[in-house]
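Here the structure comes first, spelled out in structure tokens, and everything after it is commentary.
The values are calculated or read from the model by the stated rules, or taken from the named source; none is laboratory data. In this text the structure is predicted, and so the values were computed from the model without any measurement. Because the Cβ atoms are built from the backbone with ideal geometry, glycine has one as well, and the counts that use them run over all protein chains shown.
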Amino acid sequence: MLEFKDKIALITGGGTGIGEAMAYQYAKKGTNVILTGRRMEPLQQVQKNCEALGVKAWCRCVDMEKSETIDALVEWITENKFEIDFLLLNAGISQRALTLETDISVDRRLMEVNYFGGIYLVKSLKEMFLARGVHIAVVSSVSGVFGFPVRSAYCASKHAIHGFYETIALEYPQIKTTILIPGRIHTDVSKNALDGTGKATGIMDPGQANGYDVNRCAKVAIKAIARGKHQKVIGGFDTIMVPFYKYIPWLFRLIARNVSAR
């Protein structure tokens, strides 16, 4: 089991959703947290909540689509001599549009935020990670295991996550990775999902509204990280699609074609 007390966790997308819930789980274990996200107000609230749990917390505005904001974060970490022990890559955007009705700019944006931003951050901190060792947990999705309607760009970005973080763990034994694979979790991810033109839909999917509790998700995730799991599927009944895809692919395709994509 990993030791969490008096360590430091860097969390992207730490102001809401899974990132927020995970910040509290780290804090409850005595881990100090650095929270990043695009909006300072929710980050500051999470910071206060974490400090109330007895740990130190900091927050920084970072847009994973803009490398200059990641550079500023890395510079701040270096100047303050923070030593990162855990990295949670949670920041991301989803999609709700048919593949051929999605402008290429949307595909590119999802890849930048969901994939390239994270690997840019990892590579920017490589000296620290290689010298100290670090545990990287990255939030993927069941859509990172298989394709699913109206999520082509999202699926592609999450598939890329699996390839990168599985490989880096094989190449560098001092770097550990846990790929978290949630199903439908009750967060605002579908409301913030982009349509084919790149605008947020503002619509809460029924499946998301009735999804797995985000705090329960975070508890399962922190246990998986503590145990050094390489992958962990998290969620309710909808995650049955994962073994269907692996062991009964014809049944998966039948369900995926007919189940509501919302």
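Worth a mention:
- Condition check for residue 74: of a type in the set (A, V, I, L, M), without any contact (Cβ under 8 Å) to a residue 60 or more places away in the chain and surrounded by fewer than 19 Cβ atoms within 10 Å (Cβ to Cβ): yes
- Count of segment 4-50 residues which are among the charged types (D, E, K, R) and more than 18 Å from residue 86 (Cα to Cα): 4
- Apart from one condition, residue 65 fits all of (1) part of a helix (DSSP H, G or I); (2) among the acidic types (Asp, Glu); (3) within 26 Å of residue 177 (Cβ to Cβ); the exception is (1).
- Selection within segment 213-242 - of a type in the set (Lys, Arg) and out of contact with any helix residue (DSSP H, G or I) (no Cβ under 6 Å at 6 or more places or on another chain): 216, 219, 223, 227, 229
- Residues of segment 126-149 satisfying the condition of being surrounded by fewer than 20 Cβ atoms within 10 Å (Cβ to Cβ), hydrophobic (A, V, I, L, M, F, W, C) and in a loop (DSSP other than H, G, I, E, B): 146, 148
- Filter pass, residue 176 being modelled with pLDDT of 95 or more, under 29 Å from residue 133 (Cβ atoms), of a type in the set (D, E, K, R) and in a helix (DSSP H, G or I): no
- Residue check, residue 54 of a type in the set (Gly, Ala, Ser), over 15 Å from residue 91 (Cα atoms) and either touching a residue at least 24 places away in the same chain (Cβ under 8 Å) or surrounded by fewer than 24 Cβ atoms within 10 Å (Cβ to Cβ) (or both): yes
- Every residue from segment 180-216 that is crowded, with 16+ Cβ neighbours inside 10 Å and either among the hydroxyl-bearing types (Ser, Thr, Tyr) or in contact with a Pro (Cβ under 6 Å, 6 or more places away or on another chain) (or both): 187, 190, 201, 212
- Residue ID - nearest to residue 254 (Cα to Cα), chosen from residues in segment 150-173 that are in a helix (DSSP H, G or I) and of a type in the set (Phe, Trp, Tyr): 154
- Under the condition of being in contact (Cβ under 8 Å) with a residue 60 or more places away in the chain and farther than 12 Å from residue 121 by Cβ, the residues counted in segment 77-87 number 4.
One line per residue, one yes/no per condition, for (1) touching a helix residue (DSSP H, G or I) at 6+ places or on another chain (Cβ under 8 Å); (2) at pLDDT 95 or above; (3) in a helix (DSSP H, G or I); (4) under 24 Å from residue 181 (Cα atoms):
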| site | (1), (2), (3), (4) |
| --- | --- |
| 18 | yes, yes, yes, yes |
| 42 | yes, yes, yes, no |
| 70 | yes, yes, yes, no |
| 92 | yes, yes, no, yes |
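- Within segment 129-151, residues that are without any contact (Cβ under 8 Å) to a residue 60 or more places away in the chain sit with their Cβ atoms under 6 Å from residues that are among the hydroxyl-bearing types (Ser, Thr, Tyr), at 6+ positions apart or across chains, in these pairs: 136/177; 138/165; 143/154.
- Any hit, segment 29-41, residues being in contact (Cβ under 8 Å) with a residue 60 or more places away in the chain and either out of contact with any Asp or Glu (no Cβ under 7 Å at 6 or more places or on another chain) or not basic (Lys, Arg) (or both): yes
- Qualifying residue in segment 229-244 (condition: in contact with a Leu (Cβ under 7 Å, 6 or more places away or on another chain), farther than 26 Å from residue 109 by Cβ and at pLDDT below 95): yes
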